[in-house]
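Participant: Please read through the structure below; I'll follow up with questions.
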Amino acid sequence: MSRFHNFGLINVVRSERGAAELRKRFPDVRVVATEHPGWTDDVRKAADGRPVSVALDPIGGEMSRSLMELLAPGGKLVSYGMIAEEPLSVHASTLVSKSLTVCGKNIISGWPAESSPERRSSDIATAKQIALTLTEQFDVAATYGLDDLAGAVEHAVRPGKVGTVLIRP
């Protein structure tokens, strides 16, 4: 998606193994692994002095706090996942002193209700274009049937997983 919209990204992943795989496949993409104690400093270095204005957070919990600390004044944290078991915890001074915005997005049910028909149509067309033209970017870790939804979810959050977990009817 970033190629289509010319966004500068820094990808943050859990393991160095996952980071190495991304670097191998996409040498021009900046990747940082959170398993290293100084990973937030690595993100700042990867930003090359540019402000981090948005952080997309599929994890929640402690990760959200760390991402908010990386944001530039006026930045925005978009939380769309709940992998972490602990709640999102941030001191009000972090939000107030940097005028940060925190929002949650339900990517399953929120998108249809919050977007205009034109926007949904455009988003679907873009997703189709990406899926059809950039197939080499999508590794499949496993495919599960609807009868094994619990197994699919367990696999999706498994540390070290490489690729997307698919669910088919």
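Participant: Excluding residue 44 itself, calculate the net charge of residues whose Cβ lies under 12 Å from the Cβ of residue 44, where each Lys or Arg counts +1 and each Asp or Glu counts -1.
Facilitator: Numbers: positive: 30, 45, 50; negative: 41, 42, 48, 69.
That works out to -1.
Participant: Keeping every protein chain present and rolling a 1.4 Å probe, give me the accessible area per residue for the chain in Å².
Facilitator: Using a 1.4 Å probe on heavy atoms only, each residue of the chain averages 66 Å².
Participant: To continue, here is another question. Using amide H atoms built in the peptide plane, which far-off residues or other-chain residues are under 5 Å from residue 14 H to H?
Facilitator: Amide H neighbours of residue 14: 34.
Participant: Would you work out what percent of the accessible area of the chain, with all protein chains in place, is carbon or sulfur (probe 1.4 Å)?
Facilitator: 57
Participant: Using each residue's phi in segment 117-129, evaluate 6.51 cos²θ - 1.76 cosθ + 1.60 at θ = phi - 60° and report the 3J(HN,Hα) Karplus result to the nearest Hz, with x for Gly and Pro.
Facilitator: Whole-Hz 3J(HN,Hα) from phi for segment 117-129: x, 5, 5, 4, 4, 5, 4, 5, 4, 5, 4, 4, 4.
Participant: Next up: Excluding residue 97 itself, calculate the net charge of residues whose Cβ lies under 15 Å from the Cβ of residue 97, where each Lys or Arg counts +1 and each Asp or Glu counts -1.
Facilitator: Around residue 97, the charge tally is +1.
Participant: Let me ask another. Enumerate lysine pairs in the chain that are 8 or more residues apart or on different chains, then count those whose Cα atoms are under 22 Å apart.
Facilitator: Lysine pairs meeting both conditions in the chain amount to 7.
Participant: For segment 130-169, what class follows from the C-alpha gyration tensor (a ≥ b ≥ c being the square roots of its eigenvalues): rounded when a/c is under 1.5, otherwise prolate if a/b is larger than b/c, else oblate?
Facilitator: Note, shape of segment 130-169 comes out oblate.
Participant: Helix 16-25 versus the longest principal axis of the chain: what angle, 0 to 90°, nearest 10, using Cα atoms?
Facilitator: 70
Participant: Which ³J(HN,Hα) values, rounded to whole Hz and listed in residue order, are derived for segment 80-91 from phi using the Karplus coefficients 6.51, -1.76 and 1.60 in 6.51 cos²θ - 1.76 cosθ + 1.60 with θ = phi - 60°, glycine and proline given as x?
Facilitator: Per residue, the Karplus-derived 3J(HN,Hα) values read 10, x, 9, 5, 5, 7, 7, x, 5, 10, 9, 6 Hz.
Participant: Quick one: which residues, 5 or more positions from residue 31 or on another chain, have an amide H under 5 Å from its amide H? H modelled 1.01 Å from N in the peptide plane, none for Pro or chain starts.
Facilitator: 11
The values are calculated or read from the model by the stated rules, or taken from the named source; none is laboratory data. What you see is a predicted model, and the numbers here were worked out from it, not measured in a lab. Here Cβ is always computed from backbone atoms with ideal geometry, including for glycine, and neighbour counts include all displayed protein chains. Areas reflect the complete protein model, heavy atoms only, side chains present, ligands, DNA and RNA absent. Shrake-Rupley method; radii C 1.70, N 1.55, O 1.52, S 1.80 Å.
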